[in-house]
Amino acid sequence: MVVGFTMLIKGADFFVNGSSGIASKFRIPQLVVGLTAVAMGTSASEAAVSISAALKGKVV
């Protein structure tokens, strides 16, 4: 459990740093990246579970 939690934190840091790097490279304000790419990335797992359940005909 500790290893999983540590990997979750490091993965989130990697995602945020990568998004900030891309924003800097293309001269996009970091606020825009924070409100779009990071928000979509953190919601992607919930969307995947909901879509999977809908395709299987299960109520979420």
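Taking every residue in the stretch 4-23 that is among the hydrophobic types (A, V, I, L, M, F, W, C) and pairing it with any residue that is open to solvent by 100 Å² or more (accessible area, probe 1.4 Å), at least 6 positions away or on another chain, the pairs with Cβ-Cβ distances below 6 Å are Ala23/Gln30.
Conditions (1) modelled with pLDDT of 85 or more; (2) at positive phi; (3) touching a Cys at 6+ places or on another chain (Cβ under 7 Å), marked per residue:
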site	(1), (2), (3)
Gly4	yes, no, no
Lys10	yes, no, no
Asn17	yes, no, no
Ser24	yes, no, no
Arg27	yes, yes, no
Gln30	no, no, no
Ala39	no, no, no
Thr42	no, no, no
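The values are calculated or read from the model by the stated rules, or taken from the named source; none is laboratory data. All of these numbers come straight from a predicted model, not from anything done at the bench. Positions of Cβ are generated from backbone atoms using ideal geometry, with glycine treated the same way; all protein chains shown enter the neighbour counts. Please note that ligands, DNA and RNA were not included when accessible areas were found on the heavy atoms of the full protein model with its side chains. Shrake-Rupley method; radii C 1.70, N 1.55, O 1.52, S 1.80 Å.
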